[in-house]
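Q: This is the structure I want to talk about, given as structure tokens.
The values are calculated or read from the model by the stated rules, or taken from the named source; none is laboratory data. This is a predicted model, so every value here is computed, not measured. Glycine gets a Cβ as well: all are built from the backbone with ideal geometry, and neighbour counts include every protein chain shown.
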Amino acid sequence: MTLTFPPDPVVGTEHQENENSWIWNNKLVWERGAGPLPVIAALVPNVGPFNINTAVTIQGQNFTSISVVQHDGVLAVGNYVSATEMRTTMPPGLTGAVVQVRVKDGAQFSNALPFTYEAAPPMLISLDPQSVEINQISALVRCLGQFFTPASVVYADTTALVTTFVDENTLTVIAPTMSVETLFQITVHDGVHVTDAVPFMYTLPPGPILDHTNMTNVWTSWPPGTVMVLTGSNFSAACKAAFQPPGQAYQAPRDDTVFVSDTELSVTIDPPSMQTGVWNVKIVTAGLPDSSAETFTVSA
């Protein structure tokens, strides 16, 4: 059998042929390794992010307790597990770079298999804002994280949203308008990887808050059409005043309540027809909690 060795070897030059490995030793002769040749069948995984350490399992056969791992011919971090398994750690590298991994056992060495560095998978860290009110139109949401690319797409549950790439740390989307309270799980996809989910909530707007009325005493001698002014916050055109006579249930909300601003409402009362005693008034808005009540006293 004729062997074909590389020309002009230097000490440590290695050669593999006919299921044997050879090394040019310090005696300047080709030395054949003893025992069966180590063989690598697979690297699991054989790709990994460029920016972090990646643990790799080397699957194969004929590994021994003196076997070591090489990356591109350089001794690397690795350890023997069994005759069919070794482990190594691929350090950070350059995106797209390929490193040849092999196992060396004394003077003999295995075939090499490639490990490829890929772009880091996207990471979604937070949303700004984390929620919007129902019926809000064109709310801009910033998705904050790392390793975003122009190919990154934001998903709300299983629905892809129109995504704007700002930079590798920021994506933006317009939140769809929702009419009911809803919780979505937001993820970022890059065609290969999917980030962990971050929750995004559609919430009810805050309910009305009634702080004050412009009168604490009402006299039955006052004329019909007397205007009561209600002040507070979170008022809207949907807000209505509701009155509770002494010892009775609340009357129907007043449709003639006038919306002045988000801090002021007004409503007319008819003092001559009102029962004397302590009354309550509150603000009612469909779909929202009622405000707390303010009291006033009607006297003859």
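Q: I need the full set of residues from segment 147-171 which are surrounded by fewer than 17 Cβ atoms within 10 Å (Cβ to Cβ) and not aliphatic (A, V, I, L, M), in order please. Show your work before the answer.
A: Here is the first cut: in segment 147-171, the ones surrounded by fewer than 17 Cβ atoms within 10 Å (Cβ to Cβ) are 149-151, 157-160, 162, 164-170.
Residues satisfying the conditions are Thr149, Pro150, Asp157, Thr158, Thr159, Thr164, Phe165, Asp167, Glu168, Asn169, Thr170.
Q: Which of the residues spanning segment 228-287 are more than 18 Å from Leu210 (Cα to Cα), touching a residue at least 24 places away in the same chain (Cβ under 8 Å) and of a type in the set (A, V, I, L, M)?
A: Met274
Q: Considering only segment 234-300, give the strands (runs of 3 or more DSSP E) lying wholly within it that have at least 3 residues that are closer than 29 Å to Thr203 by Cα. Steps first, answer last, please.
A: Details: elements: 240-244, 258-261, 264-269, 277-284, 294-299.
By residue number, 240-244, 258-261, 264-269, 277-284.
Q: Any idea how many residues of segment 107-117 are surrounded by 15 or more Cβ atoms within 10 Å (Cβ to Cβ), over 30 Å from Leu28 (Cα atoms) and not polar (S, T, N, Q)? Give the derivation first.
A: Going residue by residue through segment 107-117, those that are surrounded by 15 or more Cβ atoms within 10 Å (Cβ to Cβ) are 107-113, 115-117.
Among the residues that remain, those that are also over 30 Å from Leu28 (Cα atoms) are: 115-117.
Still in the running and not polar (S, T, N, Q): 115, 117.
Going through segment 107-117 one residue at a time, the tally reaches 2.
Q: Of the residues Gly191, Gly96, which single one is out of contact with any Pro (no Cβ under 9 Å at 6 or more places or on another chain), in the same structural domain as Val77 (by TED's automatic domain parsing) and assigned to a loop (DSSP other than H, G, I, E, B)? Please lay out each step first, then the result.
A: On the way: Gly191 fails: in the same structural domain as Val77 (by TED's automatic domain parsing).
Residue meeting the stated conditions: Gly96.
Q: May I pose another question? Looking at (1) in contact with a Gly (Cβ under 9 Å, 6 or more places away or on another chain); (2) in a strand (DSSP E or B); (3) touching a residue at least 40 places away in the same chain (Cβ under 8 Å), which is the one condition that is false for Ala151?
A: For Ala151, the failing item is (2).
Q: Among the residues of segment 242-276, write down those that are surrounded by 12 or more Cβ atoms within 10 Å (Cβ to Cβ) and among the small types (Gly, Ala, Ser).
A: Residues satisfying the conditions are Ala242, Ser266.
Q: Among the candidates Ile125, Ile174, single out the residue that is in contact (Cβ under 8 Å) with a residue 24 or more places away in the chain, surrounded by 13 or more Cβ atoms within 10 Å (Cβ to Cβ) and out of contact with any Pro (no Cβ under 9 Å at 6 or more places or on another chain). Walk me through how you get there before you give the answer.
A: Values: Ile125 fails: surrounded by 13 or more Cβ atoms within 10 Å (Cβ to Cβ).
Result: Ile174 is the single residue among Ile125, Ile174 that is in contact (Cβ under 8 Å) with a residue 24 or more places away in the chain, surrounded by 13 or more Cβ atoms within 10 Å (Cβ to Cβ) and out of contact with any Pro (no Cβ under 9 Å at 6 or more places or on another chain).
Q: Further question: Name the one entry in Val227, Val218, Val267, Val258 that is touching a helix residue (DSSP H, G or I) at 6+ places or on another chain (Cβ under 9 Å) and among the aliphatic types (A, V, I, L, M). Working first, answer last.
A: Values: Val227 fails: touching a helix residue (DSSP H, G or I) at 6+ places or on another chain (Cβ under 9 Å); Val267 fails: touching a helix residue (DSSP H, G or I) at 6+ places or on another chain (Cβ under 9 Å); Val258 fails: touching a helix residue (DSSP H, G or I) at 6+ places or on another chain (Cβ under 9 Å).
Only one candidate qualifies: Val218.
Q: Right, here's the next one. Any residue in segment 202-219 that is crowded, with 17+ Cβ neighbours inside 10 Å, under 26 Å from Leu140 (Cβ atoms), touching a residue at least 40 places away in the same chain (Cβ under 8 Å) and under 23 Å from the mean Cα position of the chain (by Cα)?
A: Among the residues of segment 202-219, at least one is crowded, with 17+ Cβ neighbours inside 10 Å, under 26 Å from Leu140 (Cβ atoms), touching a residue at least 40 places away in the same chain (Cβ under 8 Å) and under 23 Å from the mean Cα position of the chain (by Cα), which makes the answer yes.
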